1. Quick one: if the Förster radius is 35 Å, what FRET efficiency do residue 6 and residue 58 give, using the C-beta to C-beta distance and rounding to 0.05?
2. How large are Rg and Dmax for the chain when calculated on the C-alpha trace, in angstrom?
3. Can you put 20, 39, 51 in order of Cβ neighbours within 10 angstrom, beginning with the fewest?
4. Expressed as an acute angle from 0 to 90° and rounded to the nearest 10, what is the orientation of the C-alpha long axis of helix 37-59 relative to the principal long axis of the chain?
5. Return one number: the angle in degrees, 0 to 90 and rounded to the nearest 10, between the long axis of the Cα atoms of helix 16-30 and the longest principal axis of the Cα atoms of the chain.
6. Could you check the spin-label model distance between residue 14 and residue 36? Points 7 Å from the Cα along Cα→Cβ, value in nm.
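All of the numbers you see were taken from the coordinates with simple rules; none came from a lab. Being a predicted model, the structure only gives us computed values, none of them experimental. Virtual Cβ from ideal backbone geometry, glycine too; neighbours counted across all protein chains shown.
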């Protein structure tokens, strides 16, 4: 969750559609095929944060 907040996305106040759009924008920007090892690690962190956020939202 902190990763998305560091990237300027407030996951507590956006809709599911906005969250999905934000995720895909980040995925497009940081996908490993577009960069180097750093983007590979960042994309792995983005995916982990997305999974955690989605699990929390399902519980709420």
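1. 0.90
2. 11.5, 37
3. Listed from fewest to most nearby Cβ atoms, that is 51, 20, 39.
4. 10 degrees
5. 10 degrees
6. 2.7 nm
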